[in-house]
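Below you'll find the structure, written out as structure tokens, and then a few comments.
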Amino acid sequence: DYSLKDADPEMHALIEKEKQRQSRCLELIASENFTSRAVMEAVGSCLTNKYSEGLPGKRYYGGNEYIDQIETLCQRRALKAFGLDEEKWGVNVQPLSGSPANFEVYTALLQPHDRIMGLDLPHGGHLSHGFMTPKRRVSGTSIYFESMPYRLDESTGFVDYDMLEKTAVLFRPKLIIAGASAYPRDFDYPRMRKIADAVGAFLMMDMAHINPFEFCDVVTTTTHKSLRGPRGGMIFYRKDPVLGINLEGAINNAVFPGLQGGPHNHTIGGLAVCLDHAQSPEFKAYQSQVVSNCKALARRLTELGYKLVSGGSDNHLVLVDLRPLEIDGARVEKILDLASITLNKNSVPGERRYLYFPLLTNVSLLALVPGGIRIGTPAMTTRGFKEEDFVTVAECIHSGVQLTLEAKSSAPGPKLKDFMDYVEAPDFPLRGSLSA
Ligand code: PLP
């Protein structure tokens, strides 16, 4: 039984390089974090060897005495970490990640082609909330369900609840989804609850880190972002029937056997460890530091003259609109990457650049060369950064933007080809990604 280094030196060397990259870089991707050694020990444990289809006490395989205890402990800690009454709320901790968790909820609550409304991706929503372009249904959610995204008020950068209400009354969705990947503000849950009730829809929140339980029927979450756990997902559901549906049965059946097989027990073990830590005073202090750091970052960026979507942030991320400077997020992301500052390019509300690369017909220019950048504070707060450090971070980003402007003025023209010359990255348009 060899160590990784002896058994596979090539993979060992690559992991070591990634480890060094993670410790060298300023990690500002809003959806990333550094999990603890204890979580990684559980994730790297023998739990990965075990099959346990089903739920605690109701498995399709033998030998699950300890796995049952691990999953039950994880469920109990999940409810406790979010202050939920076990009589009223249940949780499924088996979703393999955030997107499968969302699709499992849709499978549980909807029939194929039922109507849904989530925040549009170019306005900060997530792919799994039903994104489609004028030419293509992009995510499984928009392929299997009828999606009518709601949007921000472009003049304020806040969700346009009036328009959401008007559209919901006409479209009559069966499910309304709150939550986003790149929206720097809280959602107005009471308002969304009212809209959902008026049209007879379920209300689901795909939460970043805020507490929406009072107003929602179902809450999904990833586990590897603000929560600082292993990569995974959870689905919280009300135990009482909603709109005539027993959510507990429907959701558990949608996870298994609907869409998944054997749970990833190593992840569930790591998640239980992180959920225990999430109840500690240190973690609560960490969470409020994440928000204070984000406010300090937003303030300094504003002083430096940047336009922030919605003018600031209530949570762990800011979205900078670079269009007034006539540069885009892709170029700034690339320049900052060269200086070991990692963040992601992001579309900003109001962009109208749904052009298509002739040879990359399924990739929109908006996704690859969008007009903004998204900056998050969770990961560097884990590494001990305070408000004054995020003032410095804002200044570093500012230097990157200045460099990009210089590069632009030295380039012969505004076309992508000219930029590729000056950043020396011929593979550039193929490396684009949507924000997670
Ligand atoms: N929901 C939201 C709001 C997200 O930001 C993400 C980010 O990735 C997801 C769902 C999808 O999670 P995953 O990448 O784990 O599938």
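The values are calculated or read from the model by the stated rules, or taken from the named source; none is laboratory data. Everything numeric in this text was worked out from a predicted model, so none of it was measured. Every residue, glycine as well, gets a Cβ built from its backbone with ideal geometry; the counts of neighbours run over all protein chains shown.
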Fill in the blank from the handout: Every listed condition ((1) surrounded by fewer than 24 Cβ atoms within 10 Å (Cβ to Cβ); (2) within 21 Å of T35 (Cα to Cα)) holds for G229 save (1)
Exercise for the section: Under 9 Å between Cβ atoms, at least 6 apart or on separate chains: pull out the pairs that start in the range 179-195 with a residue that is within 18 Å of F131 (Cβ to Cβ) and end on any residue that is of a type in the set (V, I, T) and in a helix (DSSP H, G or I). Expected result: A182/V309; Y183/V309
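Would you confirm, using the coordinates I've provided, whether V105 is of a type in the set (V, I, T) and under 17 Å from the mean Cα position of the chain (by Cα)?
Values: of a type in the set (V, I, T): yes; under 17 Å from the mean Cα position of the chain (by Cα): yes.
So V105 fits the description; yes.
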Practice task
Among the candidates F202, F215, F187, single out the residue that is over 28 Å from H264 (Cα atoms) and either of a type in the set (G, A, S) or within 12 Å of the ligand (Cβ to nearest atom) (or both).
Solution key: F187
Fill in the blank from the handout: Scanning the range 259-292 residue by residue, those out of contact with any Pro (no Cβ under 9 Å at 6 or more places or on another chain) and either of a type in the set (G, A, S) or more than 27 Å from T72 (Cα to Cα) (or both) turn out to be G261, G262, A272, A278, S280, A285, S288, Q289, V291, S292
Practice task
Please go through the range 92-115 and pick out each residue that is part of a helix (DSSP H, G or I) and polar (S, T, N, Q).
Solution key: S99, N102, T107
Exercise for the section: Select from the range 125-140 the residues that are of a type outside the set (F, W, Y), assigned to a loop (DSSP other than H, G, I, E, B) and in contact with a Leu (Cβ under 7 Å, 6 or more places away or on another chain) and write down the one among them that is modelled with the highest pLDDT. Expected result: G125
Exercise for the section: Collect the residues in the range 250-285 that are over 22 Å from the mean Cα position of the chain (by Cα) and either in a loop (DSSP other than H, G, I, E, B) or of a type in the set (S, T, N, Q) (or both), keeping them in residue-number order. Expected result: N252, N253, G261, G262, N265, S280
Exercise for the section: State whether one or more residues within the range 141-151 are outside any loop (DSSP other than H, G, I, E, B), more than 16 Å from the ligand (Cβ to nearest atom), of a type outside the set (G, A, S) and out of contact with any helix residue (DSSP H, G or I) (no Cβ under 8 Å at 6 or more places or on another chain). Expected result: yes
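Which residue, of R115, R76, is under 21 Å from K174 (Cβ atoms), surrounded by fewer than 20 Cβ atoms within 10 Å (Cβ to Cβ) and modelled with pLDDT of 95 or more?
Numbers: R76 fails: under 21 Å from K174 (Cβ atoms).
Among R115, R76, only R115 is under 21 Å from K174 (Cβ atoms), surrounded by fewer than 20 Cβ atoms within 10 Å (Cβ to Cβ) and modelled with pLDDT of 95 or more.
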Practice task
Taking D217 as the residue in question, decide whether it is farther than 14 Å from V91 by Cβ and either small (G, A, S) or modelled with pLDDT of 95 or more (or both).
Solution key: no
